[in-house]
Amino acid sequence: NFNITLHDDSPLPFEVKDNLIKNAYLYYANTYLPNIKMPYYNIKIKMNLPVRGGLGSSASALIAGFLAANLFHKSENQSIPLPSESEILTEIAKMEGHPDNTSAAILGGFVFSYFTERGLIYFKKKFPKSIQLYIFIPELETDTNDSRNKLPEQYKTEDLVFNMGRVCTWLEFLS
(Lines give C-alpha, C1' and ligand atoms only; values in the text may rest on other atoms or scores of the structure.)
Protein backbone atom coordinates (compact mmCIF):
# COMPACT_ATOMS: atom_id res chain seq x y z
CA ASN A 1 0.00 0.00 0.00
CA PHE A 2 0.94 3.61 -0.55
CA ASN A 3 0.27 5.34 2.78
CA ILE A 4 0.33 9.05 3.38
CA THR A 5 -0.41 10.69 6.72
CA LEU A 6 0.05 14.15 8.12
CA HIS A 7 2.63 14.61 10.86
CA ASP A 8 -0.11 15.42 13.39
CA ASP A 9 -2.40 12.60 12.18
CA SER A 10 -5.08 15.07 11.06
CA PRO A 11 -7.11 14.15 7.96
CA LEU A 12 -5.49 14.63 4.56
CA PRO A 13 -6.58 17.86 2.84
CA PHE A 14 -7.14 16.06 -0.47
CA GLU A 15 -9.00 13.04 -1.78
CA VAL A 16 -7.04 9.80 -2.17
CA LYS A 17 -7.90 9.80 -5.90
CA ASP A 18 -6.11 13.18 -6.15
CA ASN A 19 -2.90 11.81 -4.64
CA LEU A 20 -0.25 13.73 -6.57
CA ILE A 21 2.54 12.12 -4.55
CA LYS A 22 1.53 8.64 -5.70
CA ASN A 23 0.90 9.85 -9.27
CA ALA A 24 4.40 11.36 -9.51
CA TYR A 25 6.00 8.31 -7.88
CA LEU A 26 4.38 5.97 -10.41
CA TYR A 27 5.10 8.36 -13.30
CA TYR A 28 8.81 8.27 -12.42
CA ALA A 29 8.69 4.48 -12.19
CA ASN A 30 7.02 4.14 -15.60
CA THR A 31 9.38 6.65 -17.22
CA TYR A 32 12.78 5.73 -15.73
CA LEU A 33 12.30 2.26 -14.21
CA PRO A 34 9.71 0.62 -16.48
CA ASN A 35 10.58 -3.01 -15.67
CA ILE A 36 11.34 -2.55 -11.97
CA LYS A 37 8.88 -3.38 -9.20
CA MET A 38 8.62 -0.27 -7.08
CA PRO A 39 8.27 -0.64 -3.32
CA TYR A 40 5.25 0.69 -1.50
CA TYR A 41 5.85 3.64 0.77
CA ASN A 42 4.74 5.26 4.00
CA ILE A 43 5.08 9.03 3.86
CA LYS A 44 4.42 11.42 6.73
CA ILE A 45 3.86 15.01 5.60
CA LYS A 46 4.37 18.24 7.48
CA MET A 47 2.29 20.77 5.54
CA ASN A 48 3.42 24.39 5.70
CA LEU A 49 1.60 25.44 2.54
CA PRO A 50 -2.06 26.14 2.04
CA VAL A 51 -3.73 23.64 -0.28
CA ARG A 52 -5.25 25.26 -3.38
CA GLY A 53 -3.77 28.65 -2.66
CA GLY A 54 -1.44 29.00 -5.64
CA LEU A 55 1.67 28.81 -3.46
CA GLY A 56 3.02 25.46 -4.59
CA SER A 57 1.25 22.73 -2.62
CA SER A 58 0.61 20.66 -5.76
CA ALA A 59 4.18 21.25 -6.95
CA SER A 60 5.48 20.11 -3.56
CA ALA A 61 3.39 16.95 -3.71
CA LEU A 62 4.61 16.10 -7.21
CA ILE A 63 8.20 16.72 -6.17
CA ALA A 64 7.83 14.51 -3.09
CA GLY A 65 6.59 11.56 -5.14
CA PHE A 66 9.05 12.04 -8.00
CA LEU A 67 12.05 12.39 -5.69
CA ALA A 68 10.96 9.46 -3.51
CA ALA A 69 11.09 7.28 -6.63
CA ASN A 70 14.40 8.92 -7.61
CA LEU A 71 15.82 8.06 -4.18
CA PHE A 72 14.83 4.42 -4.67
CA HIS A 73 16.41 4.55 -8.14
CA LYS A 74 19.70 5.91 -6.71
CA SER A 75 19.88 3.36 -3.92
CA GLU A 76 18.67 0.19 -5.64
CA ASN A 77 19.17 0.55 -9.40
CA GLN A 78 22.50 2.24 -10.02
CA SER A 79 22.96 0.37 -13.30
CA ILE A 80 20.03 2.29 -14.83
CA PRO A 81 20.96 5.90 -15.74
CA LEU A 82 19.47 8.56 -13.49
CA PRO A 83 17.66 11.55 -14.98
CA SER A 84 19.61 14.81 -15.01
CA GLU A 85 18.59 17.88 -13.01
CA SER A 86 17.16 19.37 -16.18
CA GLU A 87 15.13 16.22 -16.91
CA ILE A 88 13.79 16.15 -13.35
CA LEU A 89 12.79 19.82 -13.51
CA THR A 90 11.19 19.36 -16.93
CA GLU A 91 9.20 16.23 -16.09
CA ILE A 92 7.81 17.63 -12.84
CA ALA A 93 6.92 20.93 -14.51
CA LYS A 94 5.11 19.03 -17.28
CA MET A 95 3.10 17.11 -14.68
CA GLU A 96 2.22 20.39 -12.94
CA GLY A 97 1.44 22.10 -16.25
CA HIS A 98 3.86 24.99 -15.64
CA PRO A 99 7.29 25.39 -14.02
CA ASP A 100 6.51 28.40 -11.79
CA ASN A 101 6.50 26.65 -8.42
CA THR A 102 8.20 23.36 -9.29
CA SER A 103 11.55 24.87 -10.31
CA ALA A 104 11.74 27.13 -7.28
CA ALA A 105 10.74 24.33 -4.92
CA ILE A 106 13.45 22.02 -6.25
CA LEU A 107 16.26 24.53 -6.69
CA GLY A 108 15.38 26.78 -3.77
CA GLY A 109 15.68 30.53 -3.79
CA PHE A 110 14.62 33.02 -6.42
CA VAL A 111 14.16 31.04 -9.66
CA PHE A 112 12.86 32.05 -13.07
CA SER A 113 11.65 29.31 -15.40
CA TYR A 114 9.57 28.91 -18.54
CA PHE A 115 9.03 26.54 -21.44
CA THR A 116 10.16 27.26 -24.99
CA GLU A 117 10.12 25.12 -28.12
CA ARG A 118 13.61 23.94 -27.01
CA GLY A 119 12.38 22.84 -23.59
CA LEU A 120 12.54 24.21 -20.08
CA ILE A 121 14.69 27.27 -19.47
CA TYR A 122 15.55 28.09 -15.86
CA PHE A 123 17.98 30.21 -13.92
CA LYS A 124 18.48 31.28 -10.34
CA LYS A 125 19.16 34.80 -9.07
CA LYS A 126 20.34 35.95 -5.68
CA PHE A 127 17.61 37.74 -3.80
CA PRO A 128 18.96 40.92 -2.19
CA LYS A 129 19.41 40.52 1.56
CA SER A 130 18.36 44.14 2.01
CA ILE A 131 14.80 43.34 0.95
CA GLN A 132 12.27 41.98 3.39
CA LEU A 133 9.48 39.99 1.84
CA TYR A 134 6.02 39.77 3.39
CA ILE A 135 3.39 37.41 2.07
CA PHE A 136 -0.26 37.73 2.97
CA ILE A 137 -2.22 34.56 2.33
CA PRO A 138 -5.99 34.90 2.17
CA GLU A 139 -8.12 32.06 3.44
CA LEU A 140 -9.33 31.43 -0.08
CA GLU A 141 -8.86 28.19 -1.96
CA THR A 142 -8.15 28.58 -5.65
CA ASP A 143 -6.82 26.31 -8.35
CA THR A 144 -3.92 27.76 -10.36
CA ASN A 145 -5.20 26.41 -13.67
CA ASP A 146 -8.72 27.75 -12.99
CA SER A 147 -7.25 31.16 -12.19
CA ARG A 148 -5.15 31.17 -15.35
CA ASN A 149 -8.15 30.19 -17.46
CA LYS A 150 -9.87 33.40 -16.31
CA LEU A 151 -7.13 35.54 -17.84
CA PRO A 152 -7.68 37.05 -21.28
CA GLU A 153 -6.22 35.16 -24.23
CA GLN A 154 -4.75 38.36 -25.69
CA TYR A 155 -3.34 41.58 -24.23
CA LYS A 156 -2.87 45.04 -25.73
CA THR A 157 0.64 45.78 -27.01
CA GLU A 158 1.02 48.84 -24.76
CA ASP A 159 0.21 46.70 -21.70
CA LEU A 160 2.86 44.15 -22.69
CA VAL A 161 5.47 46.85 -23.31
CA PHE A 162 4.64 48.48 -19.96
CA ASN A 163 4.98 45.19 -18.07
CA MET A 164 8.17 44.12 -19.85
CA GLY A 165 9.75 47.43 -18.87
CA ARG A 166 8.85 46.79 -15.23
CA VAL A 167 10.26 43.24 -15.39
CA CYS A 168 13.54 44.56 -16.81
CA THR A 169 13.67 47.22 -14.08
CA TRP A 170 13.05 44.57 -11.42
CA LEU A 171 15.84 42.37 -12.80
CA GLU A 172 18.25 45.34 -12.86
CA PHE A 173 17.28 46.11 -9.28
CA LEU A 174 18.17 42.55 -8.26
CA SER A 175 21.62 42.73 -9.87
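The values are calculated or read from the model by the stated rules, or taken from the named source; none is laboratory data. Please read these numbers as outputs of a predicted model, since none were measured by experiment. Neighbour counts run over all protein chains shown; Cβ positions are idealised from the backbone, glycine included. The accessibility values were calculated without ligands, DNA or RNA, using every heavy atom of the protein model including side chains. Shrake-Rupley method; radii C 1.70, N 1.55, O 1.52, S 1.80 Å.
Rolling a 1.4 Å probe across the protein heavy atoms gives the range 1-152 an accessible surface of 66 Å² per residue. Ranking Leu71, Ala104, Leu89 by how far each Cα lies toward the positive end of the dipole of the range 33-175 (charges on Cβ) leaves Leu71 at the top. Charges were assigned to the Cβ only: +1 to each Lys and Arg, -1 to each Asp and Glu. The resulting dipole of the chain about its Cα centre is roughly 460 debye.
Using a cut-off of 14 Å between beta-carbons, work out the net charge of the residues near His98 (Lys and Arg +1, Asp and Glu -1, His98 not included). All intermediate terms of the calculation are to be shown ahead of the outcome.
Working: positive: Lys94, Arg148; negative: Glu91, Glu96, Asp100, Asp143, Asp146.
It works out to a net charge of -3.
Using just its DSSP H runs of length 4 or more, each adding -39500 (n - 2.57), the chain gives a mean residue ellipticity at 222 nm of -14000 deg cm²/dmol after division by all residues.
Express as a percent, rounded to the nearest 5, the fraction of DSSP beta bridges in the range 1-127 (both residues included) that run antiparallel. Bridges in the range 1-127 that DSSP calls antiparallel: roughly 65 percent. Once C-alpha pairs closer than 8 Å and six or more residues apart are averaged by separation and normalised to the residue number of the range 9-122, the relative contact order reads 24 percent. Around the amide H of Ile43, modelled in the peptide plane, lie the amide H atoms of Asn3, Ile4, Thr5, all under 5 Å away and 5 or more residues distant in sequence or on another chain.
Computed over the range 46-166, the P(r) curve from all C-alpha pair distances, binned at 5 Å from the origin, holds 2, 9, 14, 17, 20, 18, 11, 5, 3, 1, 0, 0 percent per bin.
Can you send over the carbon and sulfur percentage of the accessible area for the range 55-112, probe radius 1.4 Å, protein chains only? Can you show the working numbers first?
Working: 1370 of 2500 Å².
Here carbon and sulfur together make up 55 percent of the probe-accessible area.
Pairs of Lys residues in the chain, spaced 8 or more positions apart or belonging to different chains, with C-alpha separations under 17 angstrom: 5 in total. Enter the angle in degrees (range 0 to 90, nearest 10) between the Cα long axis of helix 20-32 and the first principal axis of the Cα atoms of the chain, meaning the one along which they spread out most. Taking the Cα atoms of the chain, the angle to 20-32 is about 70 degrees.
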